[in-house]
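*Asks:* Shown below is the structure under consideration.
The values are calculated or read from the model by the stated rules, or taken from the named source; none is laboratory data. The structure presented is a predicted model; accordingly, all values stated were derived computationally and were not measured. Using ideal geometry, Cβ is built from the backbone for each residue, glycine included, and neighbour counts are taken over all protein chains shown. Areas reflect the complete protein model, heavy atoms only, side chains present, ligands, DNA and RNA absent. Shrake-Rupley method; radii C 1.70, N 1.55, O 1.52, S 1.80 Å.
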Amino acid sequence: MKNDPTTTVNMSDHRIDVKSRPLCLSGKGVTKYFGFGKKITKAVDHVDFEFHEGELVSIVGESGSGKTTPSKMLLGLISVTDGDIYFQGQKRDISTRRKKREYWHGIQAIFQDPFSSFNTFNRIDTVLLDCINMRGGKHLSKEKKFEMMTEACSFVNLKFAELTNKYPFELSGGQMQRLMIARIFLLKPKILLADEPTSMIDACSRATILDMLLQLRNETGMTIIFITHDIGLAYHISDSIYIMEHGKFVESGSADEVILHPKAAYTRRLISDVPKIHEAWDLTTV
Amino acid sequence: MKNTLRQVFHSPKFLVGFIIFVAVLLLAILYPLFNPGNPLQQIGLGTFAPPGTYVSLYDAVGTETSTFRLDDADAKRLASVLSDEDRVSMVNWLTAVGVDVTGLDITDTDALLEIWNANYDQSIRPEGMTNAQRNSYISLNNRLQSLGASETLTVMQPDEEGEMEEVTDIESTDYVNVGDVTNVITLPLGTDNFGRDVLKELASAIGTSLMIGLVAGCIATFIGLVLGLLSGYVGGVLDDIVMFITNIFTVIPSFVLLILINYSIGQENRGAMVVALVIGLTSWTWTTRSVRSQVISLRNRDHVNLSKLSGHSLVRIVLTDILPYIASYVVMAFILQISSAILSEAQLSLLGLGPKTTEVPTLGLMMNWAMLYSAHLGGKWWAYFPVIGVIALISFSLNLMNTGLDQVFNPTLRD
Ligand SMILES: Nc1ncnc2c1ncn2[C@@H]1O[C@H](COP(=O)(O)OP(=O)(O)OP(=O)(O)O)[C@@H](O)[C@H]1O
Ligand SMILES: [Mg+2]
């Protein structure tokens, strides 16, 4: 039933209670400023967060509210201006390249724009082989590697045999994001940061991709941090939700808590802005 | 890759530039094959022999002759020795003694001679004419009379006793076949001030100048690329240091630097390759700057982030995730570096600070010689015009190729 969006995306009945589970990623007073002096942009401003093992947590906010920035910080791709990040109970240490590589075994990402996520000069095989090599599969036989790549591709409904020797840009946006998920399937990280993985593709592919992410979570128990501007989508798939406004978390809690009993005005506005198909739009609020 | 190449060669601008460049290159490669030997050898004793085919007069005398009776041969012969000044002074004499010359066309040699022969008398001395002028008219008349007579020329040679002995007679109707003359030399571009074959020199100079351009371009592009990649990608202190050095080199005009360095090296030690090295070492700054800014815009792209997340090393990221994206740009920068290095060499040589003059000719040296020996004042166009033309063609073709590449790689520029 992988490809039926109506049945699979609505996971609200399958929410797990995560509070009892151990923390895998948390932050205290995490801050990121860009620029100096007058031109300073407070992209992320002293935020606290706690993500548990196996949790699917959404970070919701408008465009430009500063969602990508924390994800880059969590990935260790940009430096942190202030604050501490804890990975599996310990303060994160990525001071050397070696430690960074170690850290990236535990945390991986899917980026916002599939079209710019791949090196256009590398074949699809290269992308997937890199993942196998990173997981210590360098010495495996060619056949074994091929088998692993085929399995990863079939998990995301791609036919590997047809893709060998192709380049990522020869795929559609949806196929590229699925290839991204195949990467994650091979890498099996503890934490996956998905930064609006569906914002650049159509609704049907979106359902497929969300379904694959959920399946991945259920099979491997990985934590998924799902970044989105779509609060309705967040409500459907996530266990807990963080609402971000201008670089600050204005509200957080379990999905039901945040959506059904919103406290912050910003959350209420976000919820009321969700277009409902069966109602006439009230254009005065837009 | 193949596709890109096809696209590049479908760009008309690139193609035209490429064809011109290859043509110039072929001249440099092929001409020395047909005409081997040292291009700096002085074959002529005089300076600036005009372009043309030269036949050994000595050999021509002994060569078997054929007889042709051409109606206009005499007239042509006369016309060729009668210069415009001669004609004007003839008319002057005629008017001075009161002959009516209205309606006479002085370019019509026959008519002019007829009226001259009918009227000239060396005993008549028009008023106001000096003795010297009179004598020059007498000698002019003698010249005309001897030509008109179509006399047979006798070639004499002294025998053992020193007696002059007749070798052969040359009739005015004798012709020799150029192919039968043993020594014939064709100088399509004449000779220069030292009596060297200009075309041979030019072919060799193109080779040397392109070599200088290539070596200097390689050095400049390599340094610029490495520094730009490192400072752009690694950033931080390394970036500060590299930019500091780059800024110093940018503030001092590189041409001034070139002049100073070349001057301090000294004429004796400046081989062509030394000059290429110096040009390369002083012209990498703008490649560094532009590569750096390209790398900075690339280093935060998601595909680089993905590569980092895949645990790739810095070297691998730079080589596979950055370099291919700027490769087309680097190729274009390289082409421009070659073209500017060739021009730099020409400028330096014009100032007398180019490669030493005894080893190989370069385009700049040839211009330098032409200028030193005032070829431009004497109207010896063959000594400087082809060189200027070749320099212009090389730099035009390289820039045209560059524009063509630019249009292929940046489709927004296409019109
Ligand atoms: N490299 C940077 N330099 C300067 N400012 C930046 C940089 N990256 C982000 N910003 C600023 O930080 C703020 C948050 O950006 P961010 O990319 O996190 O937004 P976002 O919520 O992901 O937006 P979107 O939904 O459009 O992706 C924006 O105001 C942006 O201008
Ligand atoms: Mg974003």
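*Asks:* Over chain A, with a Gaussian network built from C-alpha contacts below 10 Å, which listed residue (A:His246, A:His236, A:His139) shows the highest mean-square fluctuation?
*Replies:* A:His139
*Asks:* Still on this structure, please answer the following. Suppose a student asked you for the relative contact order of chain B, using Cα pairs under 8 Å spaced at least 6 residues apart; what percent would you report?
*Replies:* 26 percent
*Asks:* Taking the Cα-to-Cβ direction at B:Ile124 and at B:Asp110 and moving 7 Å from each Cα, how far apart do the two end points lie in nm?
*Replies:* With each label placed 7 Å out from Cα toward Cβ, I get 2.4 nm.
*Asks:* From zero up to wherever the largest Cα-Cα distance of chain A sits, split into 5 Å bins and tell me the percent of pairs in each.
*Replies:* Percent of pairs per bin, in order: 1, 5, 12, 15, 18, 17, 14, 9, 5, 2, 1, 0, 0.
*Asks:* Need one number: buried accessible surface between chains B and A, 1.4 Å probe, both sides summed, DNA, RNA and ligands left out, in Å² to 100.
*Replies:* Summing both chains' loss of accessible area gives about 1700 Å².
*Asks:* Are any of the pairs A:Lys32/A:Lys188; A:Lys142/A:Lys166; A:Lys91/A:Lys190; A:Lys72/A:Lys190; A:Lys32/A:Lys91 more than 20 Å apart by Cα-Cα distance, and if so, which?
*Replies:* With Cα atoms farther than 20 Å apart: A:Lys32/A:Lys188.
*Asks:* Could you provide, to the nearest whole Å², the per residue accessible area of chain B with probe 1.4 Å?
*Replies:* Here the per-residue accessible area is 53 Å².
*Asks:* Give the average, rounded to an integer, of partner chain Cβ atoms located within 10 angstrom of each Cβ in A:207-215.
*Replies:* Per residue, the number of nearby Cβ atoms from other chains is 0 on average.
*Asks:* Right, something else. At 1.4 Å probe size, with the rest of the protein present, what percent of the exposed accessible area of the protein assembly as shown is carbon and sulfur atoms?
*Replies:* For the protein assembly as shown, the apolar C and S fraction of the accessible surface comes to 58 percent.
*Asks:* Whole-Hz ³J(HN,Hα) for each residue in segment B:292-304, computed from phi via Karplus 6.51 cos²θ - 1.76 cosθ + 1.60 with θ = phi - 60°, x for glycine and proline: what do you get?
*Replies:* Residue by residue, segment B:292-304 yields 4, 5, 5, 5, 4, 6, 8, 5, 9, 5, 5, 5, 6 Hz.
*Asks:* Arrange the peptides A:259-270, A:41-52 so that the one whose residues have, on average, the most other Cβ atoms within 10 Å appears first.
*Replies:* Result, highest mean Cβ count within 10 Å first: A:41-52, A:259-270.
*Asks:* Direction-averaged shadow area of the convex hull around the Cα atoms of the protein assembly as shown, nm²?
*Replies:* Approximately 56.1 nm², given one-decimal rounding.
*Asks:* How high is the relative contact order of segment A:133-276, in percent, with contacts defined as C-alpha pairs under 8 Å that are six or more residues apart?
*Replies:* The value is 15 percent.
*Asks:* Something else now. With springs only between Cα atoms under 10 Å apart, run a GNM on chain B and tell me which of B:Met211, B:Met164, B:Met367 wobbles the most.
*Replies:* Comparing B:Met211, B:Met164, B:Met367 in a Gaussian network model of chain B, the most mobile one is B:Met164.
*Asks:* Kindly state, to the nearest 0.05, the FRET efficiency for A:Thr120 paired with B:Glu268, given R0 = 51 Å and r defined as their beta-carbon distance.
*Replies:* The computed FRET efficiency comes out at 0.45.
*Asks:* Please sort A:114-126, B:368-380 by packing, taking for each peptide the average over its residues of neighbouring beta carbons within 10 angstrom, highest first.
*Replies:* A:114-126, B:368-380
*Asks:* Taking every residue in A:116-122, how many Cβ atoms of other protein chains lie within 10 Å of its Cβ, on average?
*Replies:* For peptide A:116-122, the averaged partner shielding equals 6.
*Asks:* Let me ask something else about it. Run through all the Cα pairs of segment B:60-135 and give the fraction in each 5 Å bin from 0, expressed as whole percent.
*Replies:* 3, 12, 22, 19, 16, 9, 6, 6, 5, 2, 0
*Asks:* Most fluctuating residue of B:Ile19, B:Ile115, B:Ile279 in a GNM of chain B with Cα springs under 10 Å: which is it?
*Replies:* Per the Cα network of chain B with a 10 Å cutoff, B:Ile115 tops the list.
*Asks:* Strictly greater than 11 Å: what percent of every Cα pair in segment B:282-321 meets that?
*Replies:* 66 percent
*Asks:* Would you list, by chain and number, the aspartates and glutamates whose Cα falls below 17 Å from the Cα of B:Lys200, excluding same-chain residues fewer than 8 positions away?
*Replies:* B:Asp192, B:Glu359
*Asks:* While we're here: Do you know which residues of segment A:129-177 lose at least 10 square angstrom of accessible area in the protein assembly compared with their chain on its own, with a 1.4 angstrom probe?
*Replies:* Correct list: A:Asp130, A:Met134.
*Asks:* Please arrange B:Leu26, A:Leu214 by accessible surface area, largest first, computed with a 1.4 Å probe and ligands excluded.
*Replies:* Largest to smallest exposure gives the sequence B:Leu26, A:Leu214.
*Asks:* Continuing with the same structure: What figure, in Å² to the nearest 10, do you get for the accessible area of A:Ser63 with a 1.4 Å probe and non-protein molecules left out?
*Replies:* About 110 Å², rounded to the nearest 10.
*Asks:* Can you tell me, using C-alpha contacts under 8 Å and at least 6 residues apart, the relative contact order of chain A as a whole percent?
*Replies:* After rounding, I find 27 percent.
*Asks:* Just the number please: accessible area per residue for segment A:21-285, 1.4 Å probe, all protein chains included, in Å².
*Replies:* 47 Å²
*Asks:* What does the helix-only formula give at 222 nm for chain B: each DSSP H stretch with n ≥ 4 adding -39500 (n - 2.57), the total divided by the residues, and the result rounded to the nearest 500 deg cm²/dmol?
*Replies:* So the helix-based figure for chain B works out to -20500 deg cm²/dmol.
*Asks:* Other chains' Cβ within 10 Å of B:296-306 residues: what's the mean?
*Replies:* Averaged over the peptide's residues, the number is 5.
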